[in-house]
Amino acid sequence: MTHMARRHRGPMHKIGDIGSSGLLVTYLVAADASAPLVAVHSTCRAGNAWAELSLPQVAQLVEHLRGLLEQAGDHRGADDE
């Protein structure tokens, strides 16, 4: 396998706390002569995982997360009645 020169581009974003429910870290990765990727690392009591997503995959993930937020908002509004 050919070695690819890779570097982080831009800031690293952290969400959560490793001591409680878990930590999510995202950042942009660039590889010479290829499209940028978004790296996603998650850590929780059950273990660690990571993925490198293409920009279209990131857009799809964002849409899924928006849908979950909408569902959660719908449930929260039902509890208020």
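The values are calculated or read from the model by the stated rules, or taken from the named source; none is laboratory data. Everything numeric here is computed off the predicted structure, so don't read it as measured data. Note that each Cβ is placed from the backbone with ideal geometry, even for glycine, and that neighbours are counted across all protein chains shown.
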Answer yes or no as to whether residue 49 is at pLDDT 90 or above and part of a strand (DSSP E or B).
yes
Would you point out the residue of segment 20-33, among those that are exposed (fewer than 11 other Cβ atoms within 10 Å of the Cβ) and modelled with pLDDT of 70 or more, that is farthest from the chain's Cα centre (by Cα)?
20
Looking at segment 35-62, which of the residues that are out of contact with any strand residue (DSSP E or B) (no Cβ under 9 Å at 6 or more places or on another chain) and surrounded by 10 or more Cβ atoms within 10 Å (Cβ to Cβ) is farthest from residue 17 (Cα to Cα)?
59
